[in-house]
Structure formats: C-alpha cells, structure tokens
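The structure under discussion appears below in the form of structure tokens.
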Amino acid sequence: MRMALIGAGSIGTIIGALISKSGGGIVLVDQYKEHVDALNKNGARIIGHVDWNIPVKAITPEEMDGKYDLIIFTTKQTTLRESLQTALEYMHNDTIVLTLQNGIPEDIAKEFVDEKRVMGGGVEFGATWKKPGVIELTSSPSSLSITFGQMDGNITEKTKQVQKIVGAIGNADVTTNLMGLRYTKLTDNSTFSAMSAALGCCNANILDNTKAMTCIAYLGREAGQVIEKMGIQPKKIFGLQPTMENVDFTTKEELADVIKNYWIPIYTPFRDGVASMWQDIEKVQKSEIDQINGKFVEMGEKFGVEVPFMEKVVEVVTKLQNRDTQPEKAWNNLECFNIPDIE
C-alpha cells in the first residue's frame, strides 16, 4: 500500500514515524521545509516521556507524485479544504482518506471524496512541537492509541487493513460509532485544550486551580447537554465519556464531586499537555477555536442549548490570536469567566 501523511506537525510526526518504524513505508508531507529537511537529515526525534530517533522520509507538497492508496490528514482543520484539494491529484478512485484532526473534519472530507472512502478518528496522546525535527510526547507511551472508523459505521476489509497500519503507533481500535467518538474528542478539546489556550498554560496549571477546574466542569456539562440533544451516544476514550450521567451537576456538592472524581482523575496523566491552539497563538497563527468550541456554539444554537462558557472561550481565544489581548497576560483571562451561584 502506498501511503502519505499530510501535515507532519506534532501529532502527525509521531504517527508517521511509528508507522515508518514498523516498515509501513509512509511518506510524511509538510509545507515547512526546514522541518522536512531536519526529518530527512536526522530522523524524527521524539522526546519527553520517551527518547526515540526514528528514520523517516519527508517531502513538501510540491514533491508528491503518483497515486496513493491511503492518505492520512493531520493538518489543522483550518487548512483541511486546501490540503484535500491539493491531494486530489494524487488519489485514485479507491484511495482511502483518514482524517485525524480535531473537530468534525469528515464533513469537509466528504465534499471531496465519496463518503464510503472517508474514515475518521481521534488520537489519545498529547504532543508538543519543540523545533524542526523534534517533537515532545507529553503523555505516557501507554496513551499511544487511535480510535477510528468509517462514516457509514461499517467495518470492511479496508478498515481492517488501515487498522493494522495505524496500529503501529501502539494501539488502534475500530468504532462503528464515529460521531460518538468525534463528539467525545470534541469535548476533550473544548475543555482542557480550550482552557489551556485561553489561559496560556499547561494542563497542570488548570488541574491545580479551583476556578479553572470549575470552568472545565461547566464546559463539560455544556458539551454533554448539546450531545444529548443531538441524540449522539458519546464513545468512551481515555476514560472520558461526556454523557449527562457523568458530567451533570446542579449543586455545589455535585460540582465539587464531578471535578474531584471525574475530571481530575481523567486528566492527571496529561498534566504536561499544552494545547496546540496555544502554540498557534504563540506563533501568531489562526487557531482551530471556531472548529472546536465554536462547533458546540453552532450546535447549541441549532438545538436550543445555552452554552455561555463555550461562547466565552471562543471570545477569549479569538482576542488572543488577534492580539487584542497580549499572550503574556493570558492567565488573567480566568477573571473573564463568571461562575454562576448555585446552592
């Protein structure tokens, strides 16, 4: 199988490197030439919870040629349409497209290829870009896992073939409930990743701050309310499953309980994590906030669910990326969140 991974950022580099290590013969495609050159010269250097140096083949988009049987997209969703348009030239009628971005990227992918050829999923590990050719794994190696599936929910021979390939990272599970998986991952990104971006910090700072964790609980409850209204059954990944049974609260006692016994245990293994959205802000790049918390705002409006914490995160992160608020003062954004009085 001829394979390419487009968007060799922090997550993509780790996935591509581990598939390469297994003998998968995948090529990593990225527009950042300095990163491509470093990968080819020195291999993919993965640090943090591991110390790996893995030889890979990397190219720029202009160097793609021929047709690929599988193309994995790990570009940001903000550039996914452009990436898909560019990649069409290198697809044949049976090319599988696997989207591993945040948000709901399959809705975009099916604009370009038949829905039956679209697979999507979420990664369960964290990673941070350090410099060209060097990526930090910010979660335990045991978290190296992907859960994915086809949009139609079927498990075919192609699905099993892709499962074997991406399983090289450590583990790959196939789901028949892709939207349930997607909205659980969207909740993940809309809680800790969103607050990391809004406050300019790592997960540890959030976990150790009472008000920040209270915001997490409210964001999680809003996500659960929207998901329930949509009629989606969220799938459990790395312990997170945003059903109302898990994330709801109505009293101060229940709020304290959901923070202490639900959110904190799930995210403690990811204390070192820093949102890619915050990294975008630092680089003065557009983040995926509109595709992440903004998606819950959109669905909240559609299904009649009020989501004031989601709206506030979108507002705060947008101001940061536009430099209406200075990044060095990001932690002060915690004051922008008004916690309701409950008994």
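Quick one: which strands (runs of 3 or more DSSP E) lie wholly within the range 9-59 and hold at least 3 residues that are over 16 Å from A168 (Cα atoms)? Explain how you work it out, then say what you get.
Numbers: elements: 26-29, 44-48, 52-54, 57-59.
In the range 9-59, 44-48, 57-59 are the strands (runs of 3 or more DSSP E) which contain 3 or more residues that are over 16 Å from A168 (Cα atoms).
Can you name the residue in the range 266-324 that is among the aromatic types (F, W, Y) and buried (at least 21 other Cβ atoms within 10 Å of the Cβ) and, of all such residues, is farthest from F192 (Cα to Cα)? Steps first, answer last, please.
Let us first name the residues in the range 266-324 that are among the aromatic types (F, W, Y), namely 267, 270, 278, 296, 303, 309.
So of that shortlist, the ones also buried (at least 21 other Cβ atoms within 10 Å of the Cβ) come out as 267, 270, 278, 296, 309.
Details: Y267: 8, F270: 10, W278: 11, F296: 15, F309: 13 Å.
My answer is F296.
Taking the condition under 23 Å from W129 (Cα atoms), small (G, A, S) and surrounded by 11 or more Cβ atoms within 10 Å (Cβ to Cβ), does A256 pass?
Numbers: under 23 Å from W129 (Cα atoms): no; small (G, A, S): yes; surrounded by 11 or more Cβ atoms within 10 Å (Cβ to Cβ): yes.
Considered against the rule, which asks whether it is under 23 Å from W129 (Cα atoms), small (G, A, S) and surrounded by 11 or more Cβ atoms within 10 Å (Cβ to Cβ), A256 comes out as no.
Out of L178, L199, L186, I need the residue that is surrounded by 22 or more Cβ atoms within 10 Å (Cβ to Cβ), under 18 Å from the mean Cα position of the chain (by Cα) and closer than 30 Å to L334 by Cα. Which one? If you could, list the steps in order and put the result at the bottom.
On the way: L178 fails: closer than 30 Å to L334 by Cα; L199 fails: under 18 Å from the mean Cα position of the chain (by Cα).
The conditions single out L186.
Please pick out the residue among A212, A256 that is assigned by TED's automatic domain parsing to the domain that holds E328, within 17 Å of N293 (Cα to Cα) and among the hydrophobic types (A, V, I, L, M, F, W, C). Break it down into steps so the answer makes sense when it comes.
Numbers: A256 fails: within 17 Å of N293 (Cα to Cα).
Residue meeting the stated conditions: A212.
Helices (runs of 4 or more DSSP H) wholly in the range 153-269 with at least 3 residues that are among the β-branched types (V, I, T) and at pLDDT 95 or above - which ones?
Values: elements: 157-166, 178-188, 194-199, 203-207, 210-230, 244-247, 252-258, 264-267.
Ranges flagged: 157-166, 210-230.
Working carefully through the options T138, T191, T184, T176, find the one that is among the hydroxyl-bearing types (S, T, Y) and farther than 23 Å from W263 by Cβ. Give the derivation first.
On the way: T138 fails: farther than 23 Å from W263 by Cβ; T191 fails: farther than 23 Å from W263 by Cβ; T184 fails: farther than 23 Å from W263 by Cβ.
Going through T138, T191, T184, T176 in turn, the sole match is T176.
Return the only residue of G103, G167, G153 being at positive phi and surrounded by fewer than 21 Cβ atoms within 10 Å (Cβ to Cβ). Walk me through how you get there before you give the answer.
On the way: G103 fails: surrounded by fewer than 21 Cβ atoms within 10 Å (Cβ to Cβ); G167 fails: at positive phi.
Answer to the selection: G153.
The values are calculated or read from the model by the stated rules, or taken from the named source; none is laboratory data. None of these values were measured; they are calculated from a predicted model. Here Cβ is always computed from backbone atoms with ideal geometry, including for glycine, and neighbour counts include all displayed protein chains.
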